[in-house]
1. Is it true that some residue in the stretch B:1-15 is part of a helix (DSSP H, G or I), buried (at least 18 other Cβ atoms within 10 Å of the Cβ) and either away from chain A (no Cβ under 11 Å) or modelled with pLDDT under 75 (or both)?
2. Which ones in the stretch B:72-92 are outside any loop (DSSP other than H, G, I, E, B), more than 7 Å from chain A (Cβ to nearest Cβ) and either of a type in the set (D, E, K, R) or more than 18 Å from the chain's Cα centre (by Cα) (or both)?
3. Considering only residues that are surrounded by fewer than 19 Cβ atoms within 10 Å (Cβ to Cβ) and more than 14 Å from the chain's Cα centre (by Cα), which ones fall in the stretch A:82-98?
4. Which of the residues that make up the stretch B:93-110 are at the interface with chain A (Cβ under 8 Å from one of its Cβ atoms) and among the aromatic types (Phe, Trp, Tyr)?
5. If you go through the stretch A:55-81, how many residues are over 13 Å from the mean Cα position of the chain (by Cα), over 15 Å from B:Gly166 (Cβ atoms) and among the charged types (D, E, K, R)?
6. For the stretch A:77-85, does any single residue satisfy the condition of being more than 24 Å from A:Ile115 (Cβ to Cβ) and modelled with pLDDT of 95 or more?
7. Say we look at the stretch A:84-120 and pick out the residues that are in a loop (DSSP other than H, G, I, E, B) and within 7 Å of chain B (Cβ to nearest Cβ); which of these is nearest to A:Ser69 (Cα to Cα)?
8. Which number in (1) under 30 Å from B:Ala160 (Cα atoms); (2) modelled with pLDDT under 90 marks the one condition that A:Asp65 misses?
Amino acid sequence: MSVEYVIADPVIAGVAARAAIAAPGVVRLEPGLRGLVTAWTRAARQRWKGLDPAPADGVRVRTVDGRLSVQVDLIASGADQAATVGRSVQRAVSRYVTSQTGLVVDEVSVSIMDIEAATR
Amino acid sequence: MAMTDYELPCERDVEQVWERLDAVGAGPADEHELICPHCRAARESLLALREATSELVLEDEVPSPDLFGKIMSAVRAEVRRGSMVRLPTPEPGFVEISEQAVAAVLRYAADTVEGIRARRCRIRNDGAGVVEVELTLAVSFRNATGGEALSLVRERVTAAAAARVGLTLAKLDLLVDDIFGDTAGDTAGEPGE
């Protein structure tokens, strides 16, 4: 008997978002317009079902030909080097998604939309 | 400073675009609004957002207090998405940063030189990691003849690009296009964050 596990993209996005926000030098994730609208509709839908959605704003997950790619948009802290923040998010997301879901992430891409003075 | 408000690359404000949204739609747009690609991009984003959220507006739910900030930040990010610079990374995937964020860092570095105020920062980027920067400056009367302040600007801007962003500049052009007196110059050392 073979058992197949399917982990939906929003789950991966939620896990990736958690890893990204905890990475050093990340102030917050930036959902962008599409992200805001998707998050609202998703939140509304889940509220009807009585669930609170895990935040995944600013993270998009795509599976093409069995290759899993994650895209993270974020605001970085001015106290850290932007390139270093980007690399540590790439590593953190890839590692955390694998440890939480067992899936191998083929690539993680990071877009730093803005740099802000660190407040945390 | 420009890092925390909602300024577009054309120096207009997203809030201003939002307020003028209906006016521009109805006809009386000013010349800038007709030709500026940044204002147009922001306007289109805001219109799309308004349309997409009109259903949500009908719900009797109270919007969260930081909603306005979230929307403005999202619109600004949307405008920036068009011009990104690749940063080096050994990991699979890419790391990129918006030209506006790089410009803010470089302007800030130039501002730290006494008697120098950074104005406009243009970034040219061929997509393969070669980045050229043109920085427009105003100098104080005291520095008017001094190449010393300018070489300090060059040094600090290059250092900031490497240390704060992780970029090596292929070219840095400094353009002095204005001079300011010291009486007005007292506001030059704008309190940095």
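The values are calculated or read from the model by the stated rules, or taken from the named source; none is laboratory data. Predicted, not measured: the structure shown is a model, and the values here were computed from it. Note that each Cβ is placed from the backbone with ideal geometry, even for glycine, and that neighbours are counted across all protein chains shown.
1. So far as the stretch B:1-15 goes, yes, one or more of its residues are part of a helix (DSSP H, G or I), buried (at least 18 other Cβ atoms within 10 Å of the Cβ) and either away from chain A (no Cβ under 11 Å) or modelled with pLDDT under 75 (or both).
2. Answer for the stretch B:72-92, where residues must be outside any loop (DSSP other than H, G, I, E, B), more than 7 Å from chain A (Cβ to nearest Cβ) and either of a type in the set (D, E, K, R) or more than 18 Å from the chain's Cα centre (by Cα) (or both): B:Arg76, B:Arg86.
3. A:Thr84
4. B:Phe94
5. Result for the stretch A:55-81: 2.
6. Scanning the stretch A:77-85, I find no residue that is more than 24 Å from A:Ile115 (Cβ to Cβ) and modelled with pLDDT of 95 or more, so the answer is no.
7. A:Asp106
8. Exception for A:Asp65: condition (1).
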